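Enquirer: Structure in structure tokens, see below.
The values are calculated or read from the model by the stated rules, or taken from the named source; none is laboratory data. This is a predicted model, so every value here is computed, not measured. When we count neighbours, we look across all protein chains shown, and the Cβ atoms used for this are built from the backbone with ideal geometry, even at glycine.
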């Protein structure tokens, strides 16, 4: 039963579906079971839980939503920074703790136990032998292991980094959720997972099989004697993160995971269960990365992940498609995790929006168009490239373990340009098990690139400079550091791009050991939370280290104007933004703040519901005009269903009967004075007792009928009740009210 009106109507008793239609739908009827459901539809409540705030680009945030009864997981990354607690592959047994060395000599393989010198229950200084000499396990999202995977209905992946933990989830018992990810993110994410498995294989081969499924270093007695810095990485502040460690998945697990993924393009609609329409829009941070809009009959929610107005390769940040939603979840933590606003300056003080120059919402489009030429990001890339070439001129080599694809591509182009300008012939190596496939993929996905890159394709130019460099043999792509091709072509000084930014996996470990004692060589290090810990296994380090911080999201200066441009009715922001961004108060949006590991209930009203009515129902509309309320109301029978998040009203099979045969339904409240006058004309004596219009009584007045009948007429805010012992008296009073009220 669908009822739409400006005022509350009395309850309707009918076994048939009733429909009151008006041109401008506003407030719902709050009576009868179905109408209560309708009120809940327009007054929506959904739950949001921030499982993890993440740590920048490599470890994006993760959320759990409960919307329309559908449980949705937003992103499933890995915390690869936790690899810093482990030692990279040792070069010789002499570098191992004494107990590890003895076990290796006796058994032919390494036990995962820590050294005997760490078994003293005293706090020691952290050194290279304090690290875990064991096959690494991998840290999943905080608190995700506490959720039942079988209860998850949908998984939405916003970026390639956000899917690195997905194979862990798809292996869990009972997991049947639909996984949605853009086609480009799926392909890049698969390559990243396969590369991670390939790099991990070296550690697995070195350490050999585990004695049990539970590693020794996770035992309580071993954790207690670890240095506090490593213990914090493994357990977290409160010990809750201890349950998130898992052994790495296999290549077969990755393939099985990819079979369960549903890919989509930007702005493509997919419908889940007929009630939820899902769309992805470019976030501009990486090729294929996206923000999400979820649309249902109860409203729509936008999820704003890490996004960037600076887009040299990826498609431009499409924030226009996020406008006007019922709720928006702001999940770009980049400006919170850094000590400076990465897109707005190099100050080492924590900025606030009040200290930054204001930017109006009209400036966003102009900034989006012009920032590639004028941003500090480009200046930083030029500076890094210039440093790299300077070290090459001095006879040193340059090691670049950067995993951000866009940064690696830009550095490759800038460095080769400077080398050509200097007339220097220096070999550039790209070492990765998936490098060949990744570079080939970049050349066949122009639809995922920005407009400037697409124009190069139409002009007959290569999309990226590496295509020309490969043809000219200025760069060499090899799958592994021990490959025959690399050994035959190796020259120094040289420039090497390779994984992994943690300095614990892959070719970077061997190359860093080779050059760490050379003061003429340069290591370009991505922003690492603890660079001292990252370089600990390679001490003493004489080579120069250039630590760089690259933009990975929206700057503080643009948070408020962006949200004012999007104008959602409700905004969910991280608690940390409260003190850093002064949100404008003149807008109608309400702002709520969420914390990690806390569930937030969000309630909002939807102004209208979209209802599509079959054309054959039009002849059955019999309009009734309520002049006082200035509305037109029609009543008919039909079948109601939901498809693609839209309600549809279809023709009922037995609609042959005229709706004029149905009993009238009355709207509005009877005027007590008119009721008294009508009763007086009928010779009935009555008196009025005005009631208290409070939340408890909900009664406007009570009319006591005294002579010649005994009855009670209670006129409330939502209904009118006639109480009497005589059915004939009840019918008589009902007819009196029937003549006063308008019916439809």
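Enquirer: Quick test for you: out of 304, 276, pick the one residue that is outside the structural domain of residue 411 (by TED's automatic domain parsing), at negative phi and modelled with pLDDT of 95 or more.
Expert: Matching residue, one of 304, 276: 304.
Enquirer: I'm checking my understanding of the structure. Among residues of the range 526-553 that are out of contact with any strand residue (DSSP E or B) (no Cβ under 9 Å at 6 or more places or on another chain) and farther than 16 Å from residue 509 by Cβ, which one is surrounded by the fewest Cβ atoms within 10 Å (Cβ to Cβ)?
Expert: 540
Enquirer: Do the conditions hold for residue 73, that is, is it buried (at least 17 other Cβ atoms within 10 Å of the Cβ) and either part of a loop (DSSP other than H, G, I, E, B) or at pLDDT 95 or above (or both)?
Expert: yes
For (1) in the same structural domain as residue 434 (by TED's automatic domain parsing); (2) more than 30 Å from residue 510 (Cα to Cα); (3) surrounded by 17 or more Cβ atoms within 10 Å (Cβ to Cβ), each residue gets a yes or a no:
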position	(1), (2), (3)
158	no, yes, yes
176	no, yes, no
181	no, yes, yes
222	no, no, yes
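Enquirer: Further, regarding this structure: Restricting the search to the range 317-327, which residues are touching a helix residue (DSSP H, G or I) at 6+ places or on another chain (Cβ under 6 Å) and either buried (at least 18 other Cβ atoms within 10 Å of the Cβ) or modelled with pLDDT under 85 (or both)?
Expert: 322
Enquirer: Does at least one position in the range 427-440 carry a residue that is touching a residue at least 60 places away in the same chain (Cβ under 8 Å), closer than 24 Å to residue 490 by Cα and part of a helix (DSSP H, G or I)?
Expert: There is at least one residue in the range 427-440 that is touching a residue at least 60 places away in the same chain (Cβ under 8 Å), closer than 24 Å to residue 490 by Cα and part of a helix (DSSP H, G or I).
Enquirer: Within the range 332-351, is there a residue that is at pLDDT 80 or above, in contact with a helix residue (DSSP H, G or I) (Cβ under 9 Å, 6 or more places away or on another chain) and closer than 23 Å to residue 575 by Cα?
Expert: Scanning the range 332-351, I find at least one residue that is at pLDDT 80 or above, in contact with a helix residue (DSSP H, G or I) (Cβ under 9 Å, 6 or more places away or on another chain) and closer than 23 Å to residue 575 by Cα, so the answer is yes.
Enquirer: Is the range 284-297 home to any residue that is at pLDDT 95 or above, assigned to a strand (DSSP E or B), crowded, with 18+ Cβ neighbours inside 10 Å and over 16 Å from the mean Cα position of the chain (by Cα)?
Expert: No, the conditions are met nowhere in the range 284-297.
Enquirer: Checking the condition under 18 Å from residue 79 (Cβ atoms) and in contact (Cβ under 8 Å) with a residue 60 or more places away in the chain, which residue from 157, 152, 179 passes?
Expert: 157
Enquirer: Among the residues of the range 46-68, write down those that are outside any strand (DSSP E or B) and modelled with pLDDT of 90 or more.
Expert: Correct list: 53, 58, 59, 60, 61.
Enquirer: So, one more: Which of (1) in a strand (DSSP E or B); (2) out of contact with any helix residue (DSSP H, G or I) (no Cβ under 8 Å at 6 or more places or on another chain); (3) crowded, with 21+ Cβ neighbours inside 10 Å is the odd one out, the single condition residue 302 does not satisfy?
Expert: (2)
Enquirer: Provide a single number: the residues in the range 253-298 that are free of Cβ contacts under 8 Å to residues at least 24 places away in the same chain and closer than 24 Å to residue 403 by Cβ.
Expert: 1
Enquirer: If I filter the range 216-229 down to residues being over 17 Å from residue 246 (Cα atoms) and touching a residue at least 60 places away in the same chain (Cβ under 8 Å), which single residue comes out as nearest to the chain's Cα centre (by Cα)?
Expert: The qualifying residue nearest to the chain's Cα centre (by Cα) is 229.
Enquirer: Here is a check on your reading of the model: is residue 180 assigned to a loop (DSSP other than H, G, I, E, B) and at pLDDT 90 or above?
Expert: It is false that residue 180 is assigned to a loop (DSSP other than H, G, I, E, B) and at pLDDT 90 or above.
Enquirer: Filter the range 482-494 down to the residues that are within 42 Å of the chain's Cα centre (by Cα) and within 22 Å of residue 416 (Cβ to Cβ) and list them by number.
Expert: Within the range 482-494, 485, 486, 494 qualify.
Enquirer: Same structure, new question: Go through the residues of the range 679-686 one by one and say whether even a single one is in a helix (DSSP H, G or I), surrounded by 15 or more Cβ atoms within 10 Å (Cβ to Cβ) and modelled with pLDDT of 85 or more.
Expert: Within the range 679-686 (the criterion being in a helix (DSSP H, G or I), surrounded by 15 or more Cβ atoms within 10 Å (Cβ to Cβ) and modelled with pLDDT of 85 or more), the answer is yes, since at least one residue qualifies.
Enquirer: On the basis of being assigned by TED's automatic domain parsing to the domain that holds residue 140, out of contact with any helix residue (DSSP H, G or I) (no Cβ under 7 Å at 6 or more places or on another chain), over 22 Å from residue 126 (Cβ atoms) and without any contact (Cβ under 8 Å) to a residue 60 or more places away in the chain, does residue 206 make the cut?
Expert: No, not satisfied.
Enquirer: If residue 310 satisfies every condition in (1) assigned to a strand (DSSP E or B); (2) modelled with pLDDT under 95 but one, which is the exception?
Expert: Result: residue 310 fails condition (1) only.
Each row is one residue, and each column tells you yes or no for (1) surrounded by fewer than 17 Cβ atoms within 10 Å (Cβ to Cβ); (2) over 23 Å from residue 313 (Cα atoms).
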{"site": "446", "(1), (2)": "yes, no"}
{"site": "450", "(1), (2)": "no, no"}
{"site": "454", "(1), (2)": "yes, no"}
{"site": "459", "(1), (2)": "yes, no"}
{"site": "462", "(1), (2)": "yes, no"}
{"site": "474", "(1), (2)": "no, no"}
{"site": "486", "(1), (2)": "no, yes"}
